Number of protein chains: 2
Amino acid sequence: MADHEPRMCTSVEKAMELLSKRWTALIVFTLLPGPMRFVNIENSLPNISGKVLSDRLRELEAEGLIIRTVYPEVPVRIEYSLTDKGRDLSPLYKSIGDWAERWIKPEMDIHPSAE
Amino acid sequence: MADHEPRMCTSVEKAMELLSKRWTALIVFTLLPGPMRFVNIENSLPNISGKVLSDRLRELEAEGLIIRTVYPEVPVRIEYSLTDKGRDLSPLYKSIGDWAERWIKPEMDIHPSAE
C-alpha cells in the first residue's frame with residue numbers, strides 16, 4: 001500500500017526530519033552569529049537540559065552542520081561553530097522571520113515595568 | 001541570570017517552536033498541493049500514528065494554519081486544507097528544498113530494478 005502513496009523528495013524529507021527535531025533548528029540559529037561555548041548555547045536556550053543539548057550537538061556534528069573545536073589551553077576551551085553547510089541555512093531563517101513578521105504576534109510585555 | 005542572556009525575537013521563536021514540533025512542518029508540506037482527507041494525510045506520512053496526526057491537526061487548526069471542513073454528505077466527508085497563513089509557508093519549503101538540493105544526498109535506489 002505505502003508504495004502507492006505520494007512521497008516527497010527524499011533529500012527534502014531528510015532535511016526536514018533533521019531540522020524539525022526538537023531544538024535542532026534553534027541551536028543552528030543560535031550559532032549563526034559565530035562560535036560559542038557550550039554554556040553560552042545552553043543559556044541562550046533557557047528550557048533545554050544539558051544532556052539534550054549535548055546529544056543534539058553530537059547529532060549536528062555527525063550531520064556535518066557544526067564543528068566542535070578543542071583549544072588546548074588550561075583549562076581547555078571548547079567551541080562550537082557552524083560549517084558551510086550549517087551557515088547555508090541562514091536563508092531558511094530569513095524565510096521563517098519573514099513569515100513570523102507577517103503572521104505571528106509576539107507576546108511581548110509592551111508596558112515598562114514599574115520602578 | 002536568564003535576563004542577561006541574548007534572546008531571539010519572540011515571534012520568530014514562536015514560529016520555530018511551532019514548526020519544529022515533530023510532524024508539524026511535514027503535515028503543512030503535505031497539504032500544500034490542496035485539501036486532503038485524514039486517511040490520505042496519514043498515508044503520506046508513513047510512520048505517524050493516527051493519534052499523533054489527530055493531535056497535530058488540532059494544534060495546527062488552533063494556530064490558524066489549517067481549516068477542517070465538514071461536508072454534510074452520507075457518509076460525512078471531512079477535509080483539511082491550509083489557510084492563507086499556512087499556504088504562506090511555501091517560501092520556507094522552497095528554502096529547505098534549495099538547501100537540501102545543495103547539501104543532502106538522497107538515499108535513492110539509483111539502480112533500475114531487475115525485471
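Just one of (1) more than 16 Å from A:E13 (Cβ to Cβ); (2) loosely packed, with under 14 Cβ neighbours inside 10 Å; (3) in contact with a helix residue (DSSP H, G or I) (Cβ under 9 Å, 6 or more places away or on another chain) trips up B:R37, so point out which.
Looking at each condition in turn, B:R37 falls short on (3).
Return the pair list, or none, for Cβ contacts closer than 9 Å from residues in the stretch A:20-36 that are facing another protein chain (nearest Cβ under 8 Å) and in contact (Cβ under 8 Å) with a residue 60 or more places away in the chain to residues that are assigned to a loop (DSSP other than H, G, I, E, B) and surrounded by fewer than 18 Cβ atoms within 10 Å (Cβ to Cβ), at least 6 apart or on different chains.
What qualifies is A:F29/B:M8.
Within the stretch A:31-54, does at least one residue satisfy the condition of being basic (K, R), within 12 Å of the chain's Cα centre (by Cα) and modelled with pLDDT of 95 or more? Give the steps one after another, and end with the answer.
The first filter runs over the stretch A:31-54 and keeps only residues basic (K, R), leaving A:37, A:51.
From the residues that got through so far, the ones that are within 12 Å of the chain's Cα centre (by Cα) too are none.
Looking for residues that are basic (K, R), within 12 Å of the chain's Cα centre (by Cα) and modelled with pLDDT of 95 or more, one finds none in the stretch A:31-54, hence no.
Taking interchain pairs and intrachain pairs at least six residues apart, which have beta carbon atoms under 9 angstrom, with the first residue in the stretch B:75-99 and free of Cβ contacts under 8 Å to residues at least 24 places away in the same chain and more than 8 Å from chain A (Cβ to nearest Cβ) and the second surrounded by fewer than 18 Cβ atoms within 10 Å (Cβ to Cβ) and in a strand (DSSP E or B)?
Short answer, once both residue conditions are applied: B:V76/B:V70; B:T83/B:I67.
Here are some residues: B:K94, B:K51, B:K14, B:K21. Which one is out of contact with any Leu (no Cβ under 9 Å at 6 or more places or on another chain), surrounded by fewer than 13 Cβ atoms within 10 Å (Cβ to Cβ) and not hydrophobic (A, V, I, L, M, F, W, C)?
B:K51
So which helices (runs of 4 or more DSSP H) stay within the stretch B:27-90 end to end and still have 3 or more residues that are closer than 20 Å to A:E17 by Cβ?
B:38-44, B:50-62
The values are calculated or read from the model by the stated rules, or taken from the named source; none is laboratory data. Because the structure is a prediction, the values reported are computed rather than measured. When we count neighbours, we look across all protein chains shown, and the Cβ atoms used for this are built from the backbone with ideal geometry, even at glycine.
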